[in-house]
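Student: One structure, pasted below without further comment.
Nothing in this text is a laboratory measurement; each read-out follows from the coordinates by a stated rule. What you see is a predicted model; the values in this text were computed from it and never measured. Cβ placement follows ideal geometry from the backbone for every residue including glycine, while neighbour counts extend to all protein chains displayed.
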Amino acid sequence: MAVEEFTYDNKIVRDFGIATMVWGVVGMLVGLLAAVQLYYPELNLSLKYITFSRIRPLHTNAVIFAFVGNAIFMSVYHSLPRLCKTPMYSRAIGRLHFWGWQLIILAAVITLPLGITTSKEYAELEWPIDIAITAVWVIFGVNMMMTILKRRERHMYVAIWFYIATWVTVAVLHVVNSIELPASFLKSYPVYAGLQDALVQWWYGHNAVAFFLTTPYLGMMYYYLPKAANRPVYSYRLSIVHFWSLIFIYIWAGPHHLLYTALPDWAQTLGTIFSIMLLAPSWGGMLNGLLTLRGAWDKVREDPVLKFLAVAVTAYGMATFEGPTLAIKSVNALSHYTDWTIAHVHVGALGWNGFLTFGILYWLFPRLYKTQLYSTKLANFHFWIGFLGIIVYVLPLYFAGVTQGLMWKQFTPEGFLQYANFLETVLQIIPMYIIRSVGGFLYLTGVILMIFNLVKTAKQGKFAAVEHAQAPALAREYQPTGHDKTWHRFLERKPAQFLILATIAISFGGIVEMIPTFIVKSNVPTIDSVKPYTPLELQGRDIYVREGCYNCHSQMVRPFRSETERYGEYSKAGEFVYDHPFQWGSKRTGLDLHRVGGKYPDAWHYMHMQNPVSVSPGSIMPPYPWLIGDELDNSTLGAKIRTMQKLGVPYPAGYDQTAIYDLEAQARTIAENLKQSQIDVEPDREIIALIAYLQRLGVDIKAKTENQQTK
């Protein structure tokens, strides 16, 4: 059979690798800034663009989609051609993919600090950027699938299975969760509301972790770990079971983020059951990775690449053991809304994603530049300072999380809340926040040392932009024999069929959980007293979203005695039917706000935003003085009302033309109330709208309860 010659493009691999390192430093620097602001809020320098609530989503997006995203693309563009024994389908498409992705990241860096956000976790970017993400993801998929179709290797290796599942699942997740109606160029509202929006978001949010932070990295593990160890994968059969069970089970687990909320019990139970089941395939993958290193442990002691990879796989096992544990209702009752969840997430992010990326970079760059690593000692030092950084980062947060959960639930012997003042629980964990930031600093220091090491490596070598290779063409006629006759070996020869089957596997769980929630009316019972937001309250809600208040405050009172004593009546599904998007939150650095309406006078809210410590001594919330000085922009109010009407919010016909008059009347009332407290503020300020929204929260259900008692 004739041997064909071809080349691999190393330039795009190098470029994605450089982008990985640059955005990694940016994302981690922003994370360190956010971590310090949790105990030193003055670090925002009174600038609204770098408050914790605005840069926290910037940090998560930069680390997930910029750092991890570029690392995925670097690895795919390097490993896929070599596994298929063919160049990538199109270098031009590859360049378009690279620059398109960098522009998307740049758009996030600009818009998120400006407060242009949807508030949906890991999906905060507004609709024009969502469309760009879709286009670039399709471009990537075309390049990837066409490369697989023109391969010279008959069977698709296990890493390719994970790449295919990643591409199709992320596409489905992104499209379904990003269905929204624009009200203006940079403002939209999701088509889902309240409970349904929460279910779709955490179906997306959990599986963004599953299929962006996990499955592509498993593909990378299956390629680079055997390469670095110079050993075959431990078990081919285990990889088959691992892959199919993982992608089928993972998609069901999203509701475990919503335990004890207004989500129907049956959906919560499904989320818990499948989360616990998820432990088996996850640990199957971890064991397959670690057992691949059997017989190579002496090499692990010396080789920094294998050190990083071994600890990464171990961290994956730890995180995927803890995830199912946190999905058990009795554990979740303590852990949810606390820093325990933050610690759990960072075991995966710093250990699994970070260390696997570092190991691959250390393995890859000397090969791209045809040289040896500049300093093995420096790489080993990076490993140990990074490992220490992870420990110093996560351990204080575990202590903080358990401390928060226990303090929130503690009662005195007389039956009163032991820590009725929520701020007591915050002040108790400030030392843990300080230690956590030290861990983040150590970890970032290691990354900077790695970049120095790889830059010196590049300078001492010579970059091979193209790499020559040869392989025989794939024979058109093929008669499988023996092992090749198994069902999975057949699938490995059929990329299109493999893609279709993977799509079915990842779709089933979401369909079963979402369709009943959307079409069965009893899942979201209506409450007659719940009315749409007034125009001023709607504007205030948009300011609440813009400022990122959801990053520190939840709006979901769970049915625990400790929460109903502290906040009031537990939250009902029917209370959120006009919430586009939902605001249930995922972390309580501050109080839950769902019942805050009417709890404090307007003047208290004004003072709280102007200078939080004046009404809450010791508060770690920064001031928001711009809300008092900035004029409320009502130019898009009519468009917002029309968009809400299209979404089913029952505003009267033609209300978009008259809503401004109701807004101005309510604003004047609040301004007059403030005047009675010796606070002189114009009714057209943003603070007035925010106060209107906060005073509305939770009062509809209170009104119903009061009416029932009167009757």
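Student: Considering only Tyr651, Val466, Ala132, whose Cα is most displaced toward the positive end of the charge dipole of the chain, charges sitting on Cβ of Lys, Arg (+1) and Asp, Glu (-1)?
Tutor: Val466
Student: In terms of modelled amide H atoms, which long-range or inter-chain residues lie less than 5 Å from the amide H of Tyr189?
Tutor: Under 5 Å from the amide H of Tyr189 lie the amide H atoms of Leu181, Ala183, each far enough along the sequence or on another chain.
Student: A follow-up question, please. Can I get the semi-axes of the range 301-475's equivalent ellipsoid? Compute them from the C-alpha gyration tensor as square roots of 5 times the eigenvalues, in angstrom, largest first.
Tutor: So the equivalent ellipsoid measures 44, 19, 11 Å along its semi-axes.
Student: Would you please name the trypsin sites (Lys or Arg not before Pro) within the range 355-447 that are DSSP coil residues with at most 12 other C-beta atoms within 10 Å of their C-beta?
Tutor: Taking the range 355-447 and a limit of 12 other Cβ atoms within 10 Å, the loop trypsin sites (Lys or Arg not before Pro) found are Lys370.
Student: Compute the acute angle (0 to 90°) between the alpha-carbon long axis of helix 236-250 and the principal axis of greatest extent of the alpha-carbon atoms of the chain; round to the nearest 10°.
Tutor: So the helix axis and the longest Cα principal axis differ by about 20 degrees.
Student: Quick one: what does P(r) look like for the range 500-603 with 5 Å bins over all Cα pairs, in whole %?
Tutor: In order of increasing distance, the bins hold 2, 10, 14, 20, 18, 15, 10, 5, 3, 1, 0, 0 percent.
Student: Follow-up. Which of Arg154, Arg231 has the fewest other C-beta atoms within 10 Å, and how do the rest follow up to the most?
Tutor: Exposure proxy ranking, most exposed first: Arg154, Arg231.
Student: Same structure again: With θ taken as phi - 60° and the coefficients 6.51, -1.76 and 1.60, list the Karplus ³J(HN,Hα) couplings across the range 305-322 in order, rounded to whole Hz; mark glycine and proline as x.
Tutor: Once θ is set to phi - 60°, the couplings for the range 305-322 become 4, 5, 4, 4, 5, 5, 5, 4, 5, 5, 4, 4, x, 5, 5, 7, 7, 5 Hz.
Student: If you don't mind, there's one more thing I want to ask. Would you mind pulling out the separation of the Cα centroids of the range 572-627 and the range 429-446, in Å?
Tutor: The range 572-627 and the range 429-446 have Cα centres spaced 27 Å from each other.
Student: So if a site counts as exposed when it's one of the chymotrypsin sites (Phe, Trp or Tyr not before Pro), its DSSP state isn't H, G, I, E or B, and it has at most 10 other Cβ atoms within 10 Å, what's the longest stretch of the chain without one?
Tutor: Within the chain, the longest run free of exposed chymotrypsin sites (Phe, Trp or Tyr not before Pro) spans 1-415.
Student: Please state the charge dipole magnitude for the chain, taken about the Cα centre, from unit charges on C-beta atoms (+1 on K and R, -1 on D and E), reported in debye and rounded to the nearest 20. Intermediate results must be reported in sequence, preceding the final value.
Tutor: Working: 58 positive and 49 negative charges, 577 e Å.
That gives the chain a dipole magnitude of about 2780 debye.
Student: Still on this structure, please answer the following. Using Cα positions and a limit of under 19 Å, work out the lysines in reach of Lys494, with same-chain residues fewer than 8 apart set aside.
Tutor: List returned: Lys85, Lys150, Lys485.
Student: Once the mean 1/r over all distinct Cα pairs of the range 481-534 is inverted, what Kirkwood radius in angstroms do you read off?
Tutor: Radius from the Kirkwood sum: 15.3 Å.
Student: Still on this structure, I have one more. On a 0 to 90 degree scale, rounded to 10, what angle separates helix 215-229 from the longest Cα axis of the chain?
Tutor: In the chain, helix 215-229 runs at an angle near 40 degrees to the longest axis.
Student: Taking H placed 1.01 Å from N in the peptide plane, check which residues at least 5 places from Ser178 or on another chain put their amide H under 5 Å from its amide H.
Tutor: Amide H neighbours of Ser178: none.
Student: Quick one: compute the contact order of the chain, relative version, from alpha carbon pairs under 8 angstrom and 6+ residues apart, as a percent.
Tutor: Numbers: 1131 pairs, mean separation 120.7, N = 711.
Reported relative contact order: 17 percent.
Student: Could I ask something else about it? Hey, what did the range 1-133 get for relative contact order, percent, Cα under 8 Å, at least 6 apart?
Tutor: Averaging sequence separation for qualifying contacts and normalising by length gives 31 percent for the range 1-133.
Student: Have a look at Val447, Phe422, Leu373 and report the one farthest towards the positive end of the charge dipole of the range 301-475, computed about the Cα centre with Cβ charges (Lys/Arg +1, Asp/Glu -1).
Tutor: Leu373
Student: Further question: Grab the eigenvalues of the alpha-carbon gyration tensor for the range 139-251, scale each by 5, take roots, and send me the semi-axes largest first in whole angstrom. Intermediate values should be presented prior to the final figure.
Tutor: On the way: eigenvalues 227, 58, 24 Å².
Sorted largest first and rounded, they come to 34, 17, 11 Å.
Student: Let me ask something else. Of the options Tyr478, Ile506, Ile360, report the single residue whose Cα projects farthest towards the positive end of the charge dipole of the chain (beta-carbon charges: Lys, Arg +1; Asp, Glu -1).
Tutor: My answer, from the dipole projection, is Tyr478.
Student: How far, in degrees from 0 to 90, does helix 430-460 lean away from the longest principal axis of the Cα atoms of the chain, to the nearest 10?
Tutor: That works out to roughly 30 degrees.
Student: Same structure again: Under the Karplus relation 6.51 cos²θ - 1.76 cosθ + 1.60, θ = phi - 60°, what is the ordered set of whole-Hz ³J(HN,Hα) values for the range 161-175, x standing for Gly and Pro?
Tutor: Result, ordered by residue: 4, 5, 5, 5, 4, 4, 4, 5, 6, 4, 4, 5, 4, 5, 5 Hz.
Student: Give Lys48/Lys640; Lys599/Lys702; Lys48/Lys120; Lys370/Lys456; Lys329/Lys521 a once-over and call out the pairs whose C-alpha atoms are over 22 Å from each other. Don't skip to the end; give the middle numbers.
Tutor: Numbers: Lys48/Lys640 24 Å; Lys599/Lys702 12 Å; Lys48/Lys120 20 Å; Lys370/Lys456 13 Å; Lys329/Lys521 26 Å.
From the list (Lys48/Lys640; Lys599/Lys702; Lys48/Lys120; Lys370/Lys456; Lys329/Lys521), the Cα-Cα distance tops 22 Å for Lys48/Lys640; Lys329/Lys521.
Student: Across the range 377-495, what fraction of all alpha-carbon pairs, as a whole percent, falls in each successive 10 Å bin from zero upward?
Tutor: With 10 Å bins starting at 0, P(r) equals 11, 19, 14, 13, 20, 13, 8, 3, 0.
Student: Quick one: which residues, 5+ away or cross-chain, put their amide H under 5 Å from the amide H of Phe411? H built at 1.01 Å from N.
Tutor: So Phe411 has HN proximity to Gln418.
Student: Could you tell me how far the Cα centroid of the range 274-291 sits from the Cα centroid of the range 656-686, in Å?
Tutor: Spelled out, the Cα-based centre of one part sits 57 Å from the other.
Student: What does the convex hull of the Cα atoms of the range 1-133 come to per residue, in Å³, rounded to a whole number?
Tutor: Output value, Cα hull per residue: 107 Å³.
Student: Can you run phi through the Karplus equation (6.51, -1.76, 1.60; θ = phi - 60°) for the range 253-268 and list ³J(HN,Hα) in whole Hz, with x for Gly and Pro?
Tutor: Result, rounded to whole Hz: 7, x, x, 5, 7, 10, 5, 6, 8, 7, 5, x, 4, 5, 6, 4.
Student: Placing unit charges on C-beta atoms (Lys and Arg positive, Asp and Glu negative, everything else neutral), compute the dipole magnitude of the range 535-710 about its Cα centre in debye, rounded to 20.
Tutor: 720
Student: Given bins 20 angstrom wide, list per bin the percent of all Cα-Cα distances in the chain, short to long.
Tutor: 17, 50, 27, 6, 0
Student: Given Cα pairs under 8 Å that are at least 6 residues apart, what percent is the relative contact order of the range 419-577?
Tutor: Relative contact order of the range 419-577: 15 percent.
Student: Over the range 535-710, what lengths in whole Å, largest first, do the semi-axes of the equivalent ellipsoid take, defined as the square roots of 5 times the eigenvalues of the alpha-carbon gyration tensor? It would help to have the intermediate numbers written out before the result.
Tutor: Values: eigenvalues 117, 101, 51 Å².
Three semi-axes, in Å: 24, 22, 16.
Student: Once every Cα of the range 128-191 carries one equal point scatterer and solvent is ignored, give the base-10 log of I(q)/I(0) from the Debye formula at q = 0.27 Å⁻¹, two decimals.
Tutor: Here log10 of I(q) over I(0) equals -1.16.
Student: Related question: What's the magnitude of the charge dipole for the range 36-139 around its Cα centre, counting Lys and Arg as +1 and Asp and Glu as -1 at the beta-carbon? Answer in Debye, nearest 20.
Tutor: 420
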